[in-house]
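Asks: I have a structure I would like to understand better, so I am pasting it below and will then ask my questions one at a time.
The values are calculated or read from the model by the stated rules, or taken from the named source; none is laboratory data. Only a predicted model underlies this, so the values are computations on that prediction, with no experimental measurement involved. Backbone-built Cβ (ideal geometry, glycine too); neighbour counts: all protein chains shown.
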């Protein structure tokens with residue numbers, strides 16, 4: 001899903017939800033699965049669209065987004081993709097900052 | 001009511017619909033005590049119109065300028081900004097009043113104009129669409145340049161090739177793919193001044209036949225600089241044989257030019 005499609009969907013979602021979360025990769029260091037600007041929309045019911053790279057990192061962001069949708073508070077998530085001996089899954093090795101924004105109301 | 005109205009989102013949505021570029025600026029972190037708060041947004045379109053506010057008029061107008069800069073650079077970016085450094089009244093402390101913003105570029109799509117609506121144009125229009133191009137198909141035959149054959153195309157034009165390039169809006173975000181049924185047609189298209197503005201020009205054909213076209217153009221005074229810009233034989237060399245494979249190699253070349261220049 002490219003940037004335009006994400007924002008078109010976000011606009012459509014603003015007509016059916018009170019609140020919607022948008023997670024954006026705002027900074028990357030080292031090797032990461034997606035580039036700066038990659039996005040995922042998270043609906044209040046937990047459905048999501050787009051990807052910020054999949055795997056554990058994305059699951060972590062999804063969890064934070066669900067909490068943010070509850071509280072109405074945006075949050076900045078640091079996703080560590082450095083190798084984890086126990087998990088053995090985060091093979092990219094980089095770190096990415098993901099801004100989870102909550103779109104709601106007139107002032108958003 | 002299960003909905004909300006965001007002026008920022010409305011501006012972004014209408015810009016996308018009108019094929020315009022727009023930048024969304026979002027405050028993503030601040031030093032403690034800064035008057036601007038995290039999550040504030042401002043959208044700016046390519047004409048400099050804005051929606052939303054970061055809560056400070058002076059700051060807003062500076063950010064509008066930065067958003068226009070971002071459009072020129074063609075890349076999303078995060079920036080640090082120092083806001084009203086003398087207003088805190090806490091001289092002697094180490095308070096920095098920094099604001100970090102993410103400037104997100106939502107770009108108007110590039111256009112791929114496919115001249116020649118034959119068998120390669122079919123997969124080419126589809127693959128081009130998938131990778132994010134606005135697709136325009138041009139042919140002088142009505143039964144080839146038809147909606148039935150190109151359901152995904154954004155625009156289909158039945159035009160004589162000799163006038164076609166002048167009638168289309170060709171600019172630095174336009175990619176020209178010449179795959180007409182004969183080199184005579186390709187050459188006629190290339191003779192239009194409008195082609196010079198394109199980001200990419202590719203022409204199909206064997207080396208020998210392509211060389212004949214280039215020689216003919218050169219003889220008529222076209223600059224070597226322009227001729228060197230024509231990618232021919234078209235496409236990256238992956239040993240393509242089928243129309244689908246050839247279309248894929250053309251799209252790969254177009255992406256290479258778009259992303260790496």
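Asks: List the strands (runs of 3 or more DSSP E) that sit entirely inside the range B:1-89 and contain at least 1 residues that are at pLDDT below 90 and over 23 Å from residue B:132 (Cα atoms).
Replies: Details: elements: B:22-30, B:41-45, B:50-53, B:77-82.
Filter on the range B:1-89 gives B:77-82.
Asks: Can you tell me which residues in the range B:9-18 are under 18 Å from residue B:67 (Cβ atoms) and either surrounded by 23 or more Cβ atoms within 10 Å (Cβ to Cβ) or out of contact with any strand residue (DSSP E or B) (no Cβ under 6 Å at 6 or more places or on another chain) (or both)?
Replies: Step one: filter the range B:9-18 for residues under 18 Å from residue B:67 (Cβ atoms), giving B:9-16, B:18.
Residues satisfying the conditions are B:9, B:10, B:12, B:13, B:14, B:15, B:16, B:18.
Asks: So, one more: Just give me the residues in the range A:5-20 being crowded, with 17+ Cβ neighbours inside 10 Å, at the interface with chain B (Cβ under 7 Å from one of its Cβ atoms) and not in a helix (DSSP H, G or I), in sequence order.
Replies: Matches in the range A:5-20: A:14, A:17.
Results for (1) over 23 Å from residue B:258 (Cβ atoms); (2) part of a loop (DSSP other than H, G, I, E, B); (3) not assigned by TED's automatic domain parsing to the domain that holds residue B:213, shown as yes or no for each residue.
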position	(1), (2), (3)
B:145	yes, yes, no
B:149	yes, yes, no
B:152	no, yes, no
B:157	no, no, no
B:165	no, no, no
B:181	yes, yes, no
B:185	yes, no, no
B:196	no, no, no
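Asks: Here are the criteria: (1) modelled with pLDDT of 90 or more; (2) within 14 Å of chain B (Cβ to nearest Cβ). Tell me which single one residue A:63 does not satisfy.
Replies: The single condition residue A:63 does not satisfy is (2).
Asks: In the set B:213, B:177, which member is part of a helix (DSSP H, G or I) and either in contact with a helix residue (DSSP H, G or I) (Cβ under 6 Å, 6 or more places away or on another chain) or modelled with pLDDT of 95 or more (or both)?
Replies: Details: B:177 fails: part of a helix (DSSP H, G or I).
On inspection, the qualifying residue turns out to be B:213.
Asks: I want to confirm something. Restricting to the range B:25-39 and keeping residues that are at the interface with another protein chain (Cβ under 8 Å from one of its Cβ atoms) and touching a residue at least 60 places away in the same chain (Cβ under 8 Å), which single residue is surrounded by the most Cβ atoms within 10 Å (Cβ to Cβ)? Steps first, please.
Replies: Filtering the range B:25-39 for residues at the interface with another protein chain (Cβ under 8 Å from one of its Cβ atoms) gives B:26, B:28-29, B:38-39.
Pick out the ones that are also touching a residue at least 60 places away in the same chain (Cβ under 8 Å) and you get B:26, B:28-29.
On the way: B:26: 25, B:28: 22, B:29: 17.
Only one residue fits best here, namely B:26.
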